[in-house]
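Peer 1: Have a look at the structure that comes next, please.
The values are calculated or read from the model by the stated rules, or taken from the named source; none is laboratory data. Being a predicted model, the structure only gives us computed values, none of them experimental. All Cβ positions, glycine included, derive from the backbone under ideal geometry; neighbour counts span all protein chains shown.
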């Protein structure tokens with residue numbers, strides 16, 4: 001019998017410079033780029049202690065999903081009791 005395990009990991013592949021427009025929030029920006037607010041805050045730590053300002057530029061991470069499949073043969077697994 002074979003077992004397959006799939007590992008998935010998001011890796012930052014690039015960043016985008018975003019100029020903040022009037023009435024934009026971290027949430028609206030995160031929705032626009034399909035990232036979390038926490039991801040934006042990780043790349044812009046100064047935003048944790050200050051307000052988002054119009055015409056300021058912030059970094060937006062771009063993620064690539066990496067999937068890896070590992071196949072294990074049941075006969076090669078040793079069990080101990």
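Peer 1: Does any residue in the range 38-55 that is free of Cβ contacts under 8 Å to residues at least 40 places away in the same chain come within less than 6 Å, Cβ to Cβ, of a residue that is surrounded by fewer than 15 Cβ atoms within 10 Å (Cβ to Cβ) and assigned to a loop (DSSP other than H, G, I, E, B) six or more places away or on a different chain, and which pairs are these?
Peer 2: As it stands, the answer is 54/22, since those pairs meet every condition given.
Peer 1: Determine which member of the set 16, 58 is surrounded by 10 or more Cβ atoms within 10 Å (Cβ to Cβ) and either at positive phi or modelled with pLDDT of 95 or more (or both).
Peer 2: Just one listed residue meets the conditions, 58.
Peer 1: Filter the range 24-43 down to residues that are outside any helix (DSSP H, G or I) and at pLDDT 95 or above and give me whichever is surrounded by the most Cβ atoms within 10 Å (Cβ to Cβ).
Peer 2: Filtering first and then ranking leaves 24.
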